[in-house]
Amino acid sequence: MRIKMSKLRSLVLILGDQLSQGISSLRGFDPAHDLVLIVEVAEETTYVRHHKQKIAFILSAMRHFASELREANFNVDHIRLDDPENSGSFTGELTRAVARHRPQRVVVTEPGEWRVREMMDTWSDRLDLPVEIREDDRFFCSSAEFRAWANGRQTYRMEFFYREMRRRTGILMDGDKPRGNRWNFDSENRKRLPHTSKPPERFACSPDAITQEVLSMVAERFSGHFGNLEGFSWAVTRKDALAALARFVEVGLPSFGDYQDAMAADNPFLFHALLSPYLNIGLLNAREVCIAAENALLRGNAPINAVEGFIRQILGWREYVRGIYWHHMPHYARTNALGSARPLPWFYWSGETYMNCLATAIADTQRNAYAHHIQRLMITGNFALLTGIRPAELEEWYLAVYADAFEWVELPNTHGMALFADGGLLASKPYAASGAYIDRMSDYCGKCAYSPKVKTGPGACPFNFLYWNFLIENRSYLERNPRMAMPYRTLDKMPKEQKQKIRQESHAFMASL
Ligand code: FAD
Ligand code: DLZ
Ligand code: SF4
């Protein structure tokens, strides 16, 4: 801290996922009167047992952000995790900082998790100080705008929300028409990866001295947490995150559309952006990412199916899930439409299973704190859906294991999209699939102990019998859904003995989990 303040005006608390100089809490900041507070706290590192890389990524990015702020002439009080006086929680550290600095008020931007919002709402009374909680306006759609869109609708559909966002922002619009004369190129986003395809190398940043210090601390202090630290190569500064964006636009984006849903055993990244951790902690903002992609289209460097497919994920899905989260919490997390109650199998943590698709997706996750969307949805998510895993247990897993996981985005994706636990509020039908889908979209099955071609009996792919068993067990709930009519017609044509076998093998399999 460069100035001694006897009468501090605002103490501005910046959380670990608010590392943007444009964050609303910093607006109007005056170095002569205000002070930034950044706190590394044990509670945030352990409220779920985060992947080691996730902790290192966030703490290192926080330390880099604190020095960037200082260079930009902000006064910063940064409390480190290993500070012996550290109380270990946001509330405790804010209370200590208020005692140290005696501010007239606290300013903070709203958090990304309901849990922290509840904490924040107690601060003014606890501290006996005004606490100004500002809107997080790093998103295209505010919670109030989402509410206005959602109110009065019986069902939500991402596609209609997304079109409205396109019109409202002008992104990928040509006047009042969608660029390419179509809103959605989803049907051109489902190719299997050809053997000849050469995805780009991952954009990797070597850890600098600050990151190395954090890595050592995490290795020692969080040794029992899931995942590896070796090969840590996330960007931890805005400068490097911008370089990652530029590199993706140049080498990944052109093929992103074609192979968006493909999976490959020897490459967990393919043509994906790996930008979600940077977007979610504020090193990149969503608008600049969408504009960079649109510019690639306008310059003729990437085709429309890639650019539309990519922008749909950010302008559409990312905003849509956030809207649903804040509109429906806290009730949302408690819904369990299919009554799923099975404990999470231990192999989600150990990776030890003979099912090669699951073993690969989990090993990728251990190694990189990353798996791409289809691995998360159609492998680990699909298996949990078909076997009826208790939503809260699966959600804790997803929140812990990915570097990009914050509840506002993780929960709707897991609870709504992967598990259908919200009964179809977010997605129009369950994303349930048999081994045939996984075999079509990946090269996992060739090296598996099971065969996707065998439906029941020895060597049968568990996804095959579990898929039909899921339809049988949830019939009364799902058959009302017009989008499920076709699979139920197929099920009805199946011989009774086959259905019996499916049920028996599924029960035996699930009992063995
Ligand atoms: P790309 O495939 O390159 O996509 C580009 C960007 O689009 C991403 O960086 C991300 O910001 C955005 N995006 C893509 N799909 C989604 C989506 N469904 N919801 C929100 N944003 C999306 N994403 C998170 O950011 N945090 C999470 O905790 C998270 N948990 C998930 C849990 C499950 C069960 C599922 C099915 C998906 C989850 N996702 C989550 C969405 C998605 O899988 C990741 O955003 C994506 O894999 C990130 O990798 P990428 O940057 O390479 O994405
Ligand atoms: C995830 C995380 C971790 C691991 N550590 C910290 C921390 O020490 N200090 C901090 O301010 N934020 C951390 N975070 C991110 C918070 O959990 C996140 O800001 C809240 O969940 C609100 O979204
Ligand atoms: Fe997964 Fe079944 Fe293929 Fe094995 S055969 S990799 S379990 S889909």
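The values are calculated or read from the model by the stated rules, or taken from the named source; none is laboratory data. Since this is a predicted model, take the numbers as computed values, not measurements. Note that we place each Cβ from the backbone using ideal geometry, even for glycine, and neighbour counts take in every protein chain shown.
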Worksheet item: Taking helices (runs of 4 or more DSSP H) that do not extend beyond the range 427-490, which have at least 1 residues that are under 26 Å from the mean Cα position of the chain (by Cα) and either within 16 Å of ligand 1 (Cβ to nearest atom) or buried (at least 18 other Cβ atoms within 10 Å of the Cβ) (or both)?
Response: 435-441, 462-473
Practice prompt. Six or more apart or on different chains, Cβ under 6 Å: which pairs go from a residue in the range 436-457 that's closer than 12 Å to Cys357 by Cα to one that's β-branched (Val, Ile, Thr) and buried (at least 18 other Cβ atoms within 10 Å of the Cβ)? Could you list them?
Written response: Tyr444/Thr360
Discussion item. Among the residues in the range 170-187, are any of a type in the set (S, T, N, Q) and under 26 Å from Ile281 (Cβ atoms)?
Written reply: no
Worksheet item: Looking at Gly339, Gly316, Gly381, which one is farther than 19 Å from Tyr467 by Cα and more than 16 Å from ligand 2 (Cβ to nearest atom)?
Response: Gly316
Worksheet item: Quick check, is Ser20 assigned to a loop (DSSP other than H, G, I, E, B) and modelled with pLDDT under 95?
Response: no
Worksheet entry | Selection count where residues are within 29 Å of the chain's Cα centre (by Cα) and crowded, with 19+ Cβ neighbours inside 10 Å, scope the range 80-105 | 4
Item to complete: Identify all residues within the range 290-301 that are surrounded by fewer than 24 Cβ atoms within 10 Å (Cβ to Cβ), without any contact (Cβ under 8 Å) to a residue 60 or more places away in the chain and of a type in the set (A, V, I, L, M, F, W, C); write none if there are none.
Response: Ala292, Ala296, Leu298
Item to complete: Inspect all residues belonging to the range 456-468 and state whether any of them is closer than 25 Å to Asp261 by Cα, more than 13 Å from ligand 3 (Cβ to nearest atom) and either touching a helix residue (DSSP H, G or I) at 6+ places or on another chain (Cβ under 9 Å) or not aliphatic (A, V, I, L, M) (or both).
Response: yes
Worksheet item: Scanning for something over 16 Å from Asn295 (Cβ atoms), aromatic (Phe, Trp, Tyr), more than 16 Å from ligand 2 (Cβ to nearest atom) and surrounded by fewer than 21 Cβ atoms within 10 Å (Cβ to Cβ), does the range 246-262 turn up at least one residue?
Response: no
Worksheet item: Out of all the residues in the range 40-59, is one or more outside any helix (DSSP H, G or I), buried (at least 22 other Cβ atoms within 10 Å of the Cβ) and acidic (Asp, Glu)?
Response: yes
Fill in: Test for Trp346: is it within 16 Å of ligand 2 (Cβ to nearest atom) and surrounded by fewer than 24 Cβ atoms within 10 Å (Cβ to Cβ)
no
Discussion item. Looking only at the range 132-178, how many residues end up being of a type in the set (D, E, K, R) and in a helix (DSSP H, G or I)?
Written reply: 8
Item to complete: For the range 400-423, name all the residues that are of a type in the set (A, V, I, L, M), in a helix (DSSP H, G or I) and more than 7 Å from ligand 1 (Cβ to nearest atom).
Response: Ala400, Val401, Leu411
Item to complete: Among the numbered conditions (1) aromatic (Phe, Trp, Tyr); (2) in a loop (DSSP other than H, G, I, E, B); (3) within 16 Å of ligand 3 (Cβ to nearest atom), tell me where Phe383 comes up short.
Response: (2)
Practice prompt. Would you mind stating whether Glu308 is touching a residue at least 60 places away in the same chain (Cβ under 8 Å), within 26 Å of Arg157 (Cα to Cα) and touching a Phe, Trp or Tyr at 6+ places or on another chain (Cβ under 8 Å)?
Written response: yes
Fill in: Single residue of the range 35-69 satisfying the filter (in contact (Cβ under 8 Å) with a residue 60 or more places away in the chain and charged (D, E, K, R)) that is farthest from ligand 3 (Cβ to nearest atom)
Glu68
Response to the item:
His51: passes all of (1) within 24 Å of the chain's Cα centre (by Cα); (2) over 17 Å from Leu399 (Cβ atoms) but (2)
Worksheet entry | Output for the range 24-39, where each listed residue is among the small types (Gly, Ala, Ser), over 21 Å from Arg96 (Cβ atoms) and either assigned to a helix (DSSP H, G or I) or within 16 Å of ligand 1 (Cβ to nearest atom) (or both) | Ser24
Worksheet item: Looking at Ser276, is it within 16 Å of ligand 2 (Cβ to nearest atom) and among the hydroxyl-bearing types (Ser, Thr, Tyr)?
Response: yes
Discussion item. Given the criterion β-branched (Val, Ile, Thr), within 14 Å of ligand 2 (Cβ to nearest atom) and more than 16 Å from Leu19 (Cα to Cα), identify the matching residue among Val116, Val98.
Written reply: Val116
Worksheet entry | Residue ID - nearest to Gly388 (Cα to Cα), chosen from residues in the range 324-352 that are of a type in the set (Ser, Thr, Tyr) and free of Cβ contacts under 8 Å to residues at least 60 places away in the same chain | Tyr348
Discussion item. Residues to consider are Glu145, Glu159, Glu164, Glu201; find the one that is at pLDDT 95 or above and loosely packed, with under 12 Cβ neighbours inside 10 Å.
Written reply: Glu201
Worksheet item: Can you name every residue in the range 1-48 that is within 17 Å of the chain's Cα centre (by Cα) and more than 16 Å from ligand 2 (Cβ to nearest atom)?
Response: none
Worksheet item: Does the range 419-426 contain at least one residue that is under 19 Å from the mean Cα position of the chain (by Cα) and either surrounded by fewer than 23 Cβ atoms within 10 Å (Cβ to Cβ) or hydroxyl-bearing (Ser, Thr, Tyr) (or both)?
Response: yes
